Every structure is written in structure tokens, then in C-alpha cells.
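Structure first, then comments.
The values are calculated or read from the model by the stated rules, or taken from the named source; none is laboratory data. Here the structure is a predicted model, which means the values were calculated and not measured. Cβ placement follows ideal geometry from the backbone for every residue including glycine, while neighbour counts extend to all protein chains displayed.
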Amino acid sequence: MSSAQSGVSIKKEFPGKIRIGETLKANGSALGYSAVFKIKTAGVDFLGQLAIQTTPFAVSLEIFNENYFACFETDKDVLERAIIKNILHELQGRVNLPNPVSNALKTPAVPKNPVWAEETRPPQIHDNKETPELASIFDRLNREYFGGGITATIHWGKNKKGANSRSFRFGSYNSENRVIRISPRLRQSFVPFSVLELTVYHEMCHQFAPPVKRNGRRLAHHSEFKMKEKEYANYLEAKNWEKTNWSKLLAPMETGGGV
């Protein structure tokens with residue numbers, strides 16, 4: 001069935017927002033478990049299941065509605081690898097997993113940072129101008145979280161070569177000219193893609209939920225803003241990384257590095 005027949009439009013971005021069930025269930029084997037998940041793309045929820053064999057470690061993926069793969073121009077096997085990596089990464093951060101699964105996820109066979117499939121990570125990004133890479137992130141977030149309602153241009157900020165002694169801004173939004181600027185420090189190879197993406201999303205939230213005055217004070221990060229910001233799928237992951245790696249971003253920038 002074509003995407004037109006299924007009522008789902010083709011898009012290049014993937015794999016979509018994934019929500020995994022709260023628990024893993026034994027699938028009938030002492031060495032086997034399964035995780036049921038929901039993946040949303042093109043405004044449609046698709047269900048699937050990831051079967052995990054713990055000894056030896058192996059996984060298999062099933063999407064219950066094959067029309068999911070018609071939503072993309074990317075090859076099916078690349079999509080499947082991206083979904084598996086994202087699910088395994090989220091499971092690694094969970095507590096109270098069955099012991100066999102928890103131990104299996106600690107093995108070298110499981111990638112430790114598969115937030116974004118290697119096949120789809122943006123290429124090296126150029127400084128100080130609007131780029132297709134940043135624009136692509138902006139456009140995808142705009143469709144998935146804002147219904148296309150955010151109108152702005154996005155650029156890399158000024159590239160400062162030296163260290164910042166105290167702090168720096170991840171990004172900024174100018175409401176007068178509707179320009180988003182992102183710190184080039186987020187281009188560095190050690191920065192997870194989710195951190196860059198959350199920064200873009202954060203600045204977009206400033207247009208969605210503009211500052212308000214309450215009790216004589218101007219609040220930019222008010223309750224409505226924070227609520228919207230937390231809708232980003234990898235919010236906690238990105239925030240936790242920021243908290244523990246802040247000092248790295250204050251050091252002199254890498255040379256020749258990319259996201």
C-alpha cells in the first residue's frame with residue numbers, strides 16, 4: 001500500500017517519537033523479554049515490539065503496521081536500526097528492569113549513546129550562517145511539536161575560540177526580528193544530538209509561550225513555557241547531560257569538530 005493510500009505523507013525525518021511501555025514482559029522463554037512501544041510520526045501512532053534475548057544478547061524488531069515504513073524515504077533496515085538503538089538507549093536509563101535484561105544491556109554488544117542513528121546524524125556544520133542542518137532541525141520540530149506555527153530563521157552564533165570563564169548561552173531568540181541563534185559550542189563532537197535539538201526547541205518555545213508579566217515581574221520561563229519545553233521527547237536525557245557536562249562546554253572549543 002502506498003503512503004497516499006494509507007493516508008500518511010512521506011517525510012525524510014525519523015524514526016519519530018517513541019514511547020516504551022512501563023515494564024518489560026517475559027515472552028515465554030527464561031532468556032527472552034519483550035518491550036511494547038508506540039512510535040508517532042506524521043501525526044499517526046504505530047505500535048511495535050522489541051524482543052530481547054539476553055544470552056547471548058540479540059534483539060528483533062516488529063512494527064505491527066507496515067505502513068509505518070511508507071512514511072519515509074529512508075531504507076527500512078536503516079529505520080529499524082535507528083528504532084532499536086533509541087529503544088536500547090532509553091532502556092539503559094531505566095531502573096527496576098529484570099536482572100537478566102539489566103545485565104545484558106551492560107554488555108559491549110549494546111551501544112551506549114544511540115540517541116540518533118549514525119546514518120542520519122547531520123554532517124559537519126558551517127559557522128555563522130543559516131544552514132540546511134539547523135533549518136532541518138527547526139522544520140522537523142516545528143511540524144512535530146508546534147503544528148508548523150513557529151515563524152523564525154535560525155543561525156549559528158558568533159564562534160568564540162577561547163574558553164568562557166563563567167558561562168555562555170546555549171541559544172537565544174530575538175522576538176523583534178524572529179531570529180534564533182545557537183552557540184557553535186554545541187557543534188562539538190562530544191555534544192549529544194539531543195542537547196543541540198533541545199536548545200533549538202527551547203528557543204522555539206519562546207515564540208510559542210512569550211514572556212508574561214506577573215506581580216510586576218517579566219517572566220520568560222513561566223509555567224506555560226516550562227510545560228511546553230518538557231514535551232520534547234528527549235528532554236530529561238538532554239538536561240541530565242547538561243548538568244553533568246557543563247564544564248566541558250566552557251573549555252576551548254574543539255577544532256574541526258562537528259555535531
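What about Leu61, is it crowded, with 17+ Cβ neighbours inside 10 Å and modelled with pLDDT of 80 or more? Spelling it out, it is not the case that Leu61 is crowded, with 17+ Cβ neighbours inside 10 Å and modelled with pLDDT of 80 or more. All conditions but one from (1) at pLDDT 85 or above; (2) in contact with a helix residue (DSSP H, G or I) (Cβ under 8 Å, 6 or more places away or on another chain) apply to Ile83; the one that does not is (2). Of all the residues in the range 122-176, those that are part of a loop (DSSP other than H, G, I, E, B), of a type outside the set (Gly, Ala, Ser), out of contact with any Ser or Thr (no Cβ under 7 Å at 6 or more places or on another chain) and modelled with pLDDT of 85 or more number 3.
For the range 177-213, a residue qualifies if it is small (Gly, Ala, Ser), touching a residue at least 24 places away in the same chain (Cβ under 8 Å) and part of a loop (DSSP other than H, G, I, E, B), and the qualifying residues are Ser183, Ser189. State yes or no: is Tyr235 surrounded by fewer than 19 Cβ atoms within 10 Å (Cβ to Cβ) and among the aromatic types (Phe, Trp, Tyr)? For Tyr235, the condition - surrounded by fewer than 19 Cβ atoms within 10 Å (Cβ to Cβ) and among the aromatic types (Phe, Trp, Tyr) - is met.
Considering only residues in the range 42-84 that are polar (S, T, N, Q) and over 19 Å from the mean Cα position of the chain (by Cα), the one that is nearest to Pro98 (Cα to Cα) turns out to be Thr54. A search for C-beta distances below 9 Å between a residue of the range 226-240 that is in a helix (DSSP H, G or I) and any residue that is of a type in the set (S, T, N, Q), counting only pairs 6+ apart in sequence or on different chains, returns Tyr235/Ser194; Glu237/Ser194; Ala238/Ser194; Ala238/Thr199.
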